Amino acid sequence: MDPLKDNFTIGAHHGRVAWHFGGALLAQQQVALRVPLSIAPALLMLAVSVGAAEPRAARDPIALAREGATAIEDRRFGEALEAFTEAAAMRPGDASLCFGAGVAAFMLGRNDVAQTSFERALALNPSYLPPALWLGELHYRAGRLHDAISIYETARQRHPGGRALQHRLADWRKEHKLQSRFHEARTAHFTALFEGPADEPLARQVVERLEAAYWRVGAALGAYPPQPITVVLYTREQFGDITRLAAWSAAAYDGRIRVPLSSALERPEELDRVLSHEFVHAMVAILGGRTVPAWVNEGLATVLEPEGAGDSEAALARTNVRLELSKLHRSFVGLSSRDAEIAYGSAARAVRRLIEQRGVPALVALLEDLARGAQFASAFQERIAMRYEDFAALVARD
Ligand SMILES: [Zn+2]
């Protein structure tokens with residue numbers, strides 16, 4: 001059991017903060033665009049309120065910006081990226097348009113585009129806080145802790161009152177300090193970071209087991225990560241401190257695999273299970289970006305565990321409680337241990353049904369559609385040849 005990326009991916013920072021999505025062009029036009037961005041473990045809430053929708057004038061940057069903002073609000077990130085990119089090309093001096101494009105690209109998992117967009121927004125307007133916050137998060141999730149800290153330090157100089165910024169910065173410094181004394185063990189596709197020399201044998205075992213998962217899961221999905229993946233080994237206390245996840249979490253993925261060491265991991269099958277599970281989350285992020293519903297992500301990670309989903313699904317046999325898939329789009333991190341058990345069981349069963357009906361390639365194609373900006377229900381219908389709500393109704397009776 002472990003948390004899912006959609007939430008934890010977004011950050012281990014608690015507390016919601018509203019940031020203004022202003023900018024020269026939008027302010028000038030008095031378009032009320034507010035983006036309350038919750039950079040919180042709960043999720044990256046991106047609600048943009050726009051004035052009354054107006055028909056889009058041909059190649060009008062204002063109309064495009066409105067369109068982009070509405071698309072972000074509706075979580076149609078592919079369309080948002082297109083609209084903001086087109087608008088930014090017409091008004092290259094407007095930082096808010098670059099920021100909008102960056103947010104959309106970030107959510108699609110297109111990190112290079114997102115990074116360039118946030119950097120351009122900051123170059124145009126160095127005091128503009130939102131792109132700095134997102135750029136810092138982007139670096140953090142890519143494991144570039146040093147860059148993340150440096151972006152936030154600069155932002156804090158310009159916005160000394162930003163408390164959320166300060167808290168996040170303090171967390172990152174603490175993590176950086178801890179990590180600076182860690183050692184490394186490497187294989188071709190993984191790097192393990194661990195604290196004490198006593199943990200080295202286990203760290204070696206971790207990267208070797210991950211190599212096995214790499215080939216097994218890669219063959220199942222028909223896809224492999226383009227870059228090495230980092231796994232950080234913690235004590236339970238360090239893990240809790242850094243991820244702030246519930247005690248039932250066995251590990252986490254937020255751009256890096258984070259594993260608290262425990263006696264359970266001394267059993268090779270448990271070590272394999274946990275590592276394989278987190279590696280699948282890494283693959284889902286690579287294939288599908290950041291909008292993949294939690295039940296798909298957790299379900300796939302569970303079904304592809306070496307022993308399959310049997311144990312997780314067994315939890316469903318012990319209760320009549322069933323959770324609707326529509327309630328399982330957000331990360332499971334906030335759930336109680338009991339609800340989490342049912343959520344994982346439901347997710348695993350739903351994904352197993354999907355695979356039985358259409359095979360893994362259809363599921364991978366669905367993920368790739370999401371990374372291109374498709375909305376889940378329509379991509380689902382396209383790839384699974386069934387309406388999402390019908391499938392949800394089916395598994396609710398399962
Ligand atoms: Zn998981």
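The values are calculated or read from the model by the stated rules, or taken from the named source; none is laboratory data. What you see is a predicted model; the values in this text were computed from it and never measured. When we count neighbours, we look across all protein chains shown, and the Cβ atoms used for this are built from the backbone with ideal geometry, even at glycine. These area figures cover heavy atoms from the full protein model, side chains too; ligands, DNA and RNA do not enter into them. Shrake-Rupley method; radii C 1.70, N 1.55, O 1.52, S 1.80 Å.
Kindly provide the set of residues from region 243-286 that are of a type in the set (Phe, Trp, Tyr) and in a helix (DSSP H, G or I), ordered by number.
Start the filter on region 243-286 by keeping residues that are of a type in the set (Phe, Trp, Tyr), which leaves 248, 253, 279.
Of everything in region 243-286, just one residue is of a type in the set (Phe, Trp, Tyr) and in a helix (DSSP H, G or I), namely 279.
In region 340-362, the residue that is farthest from residue 109 (Cα to Cα) out of those that are out of contact with any Asp or Glu (no Cβ under 7 Å at 6 or more places or on another chain), within 16 Å of the ligand (Cβ to nearest atom) and open to solvent by less than 60 Å² (accessible area, probe 1.4 Å) is 342.
Number of residues in region 185-240 that are of a type outside the set (A, V, I, L, M, F, W, C) and over 30 Å from residue 364 (Cβ atoms) equals 13. If I filter region 205-220 for residues that are open to solvent by 30 Å² or more (accessible area, probe 1.4 Å), in a loop (DSSP other than H, G, I, E, B) and either in contact with a His (Cβ under 7 Å, 6 or more places away or on another chain) or farther than 17 Å from residue 281 by Cα (or both), do I get at least one hit? Looking for residues that are open to solvent by 30 Å² or more (accessible area, probe 1.4 Å), in a loop (DSSP other than H, G, I, E, B) and either in contact with a His (Cβ under 7 Å, 6 or more places away or on another chain) or farther than 17 Å from residue 281 by Cα (or both), one finds none in region 205-220, hence no.
Summed over region 289-339, residues that are open to solvent by less than 40 Å² (accessible area, probe 1.4 Å), within 15 Å of the ligand (Cβ to nearest atom) and among the hydrophobic types (A, V, I, L, M, F, W, C) total 13. Cβ-Cβ contacts under 7 Å between residues 6 or more apart (or on different chains), taken from a first residue in region 286-298 that is free of Cβ contacts under 8 Å to residues at least 24 places away in the same chain and over 20 Å from residue 222 (Cα atoms) to a second residue that is β-branched (Val, Ile, Thr) and open to solvent by less than 10 Å² (accessible area, probe 1.4 Å), are absent. Taking region 157-196 as the search range and keeping residues that are surrounded by 16 or more Cβ atoms within 10 Å (Cβ to Cβ) and among the small types (Gly, Ala, Ser), which one is nearest to residue 227 (Cα to Cα)? Among those that are surrounded by 16 or more Cβ atoms within 10 Å (Cβ to Cβ) and among the small types (Gly, Ala, Ser), it is 192. Examine region 92-104 for a residue that is at pLDDT 90 or above and either touching a Cys at 6+ places or on another chain (Cβ under 9 Å) or over 20 Å from residue 132 (Cβ atoms) (or both), and state whether such a residue exists. Yes, region 92-104 contains at least one residue that is at pLDDT 90 or above and either touching a Cys at 6+ places or on another chain (Cβ under 9 Å) or over 20 Å from residue 132 (Cβ atoms) (or both). Evaluating residue 75 against the criteria (1) in a helix (DSSP H, G or I); (2) touching a helix residue (DSSP H, G or I) at 6+ places or on another chain (Cβ under 9 Å) leaves one unmet condition, (1).
Every condition in (1) closer than 28 Å to residue 267 by Cβ; (2) assigned to a helix (DSSP H, G or I) is met by residue 331 except one, and the failing one is (2).
Any residue that is within 12 Å of the ligand (Cβ to nearest atom) and either open to solvent by less than 10 Å² (accessible area, probe 1.4 Å) or modelled with pLDDT under 95 (or both) - is there at least one of those in region 234-246? Yes, the conditions are met somewhere in region 234-246.
If I ask for residues that are hydroxyl-bearing (Ser, Thr, Tyr) and outside any loop (DSSP other than H, G, I, E, B), which ones from region 334-363 would you list? Explain how you work it out, then say what you get.
The first filter runs over region 334-363 and keeps only residues hydroxyl-bearing (Ser, Thr, Tyr), leaving 336-337, 344, 346.
337, 344, 346, listed by residue number.
In summary, residue 259 fulfils each of the numbered conditions (1) of a type outside the set (Ser, Thr, Tyr); (2) under 19 Å from residue 340 (Cα atoms); (3) more than 13 Å from the ligand (Cβ to nearest atom) with the single exception of condition (3).
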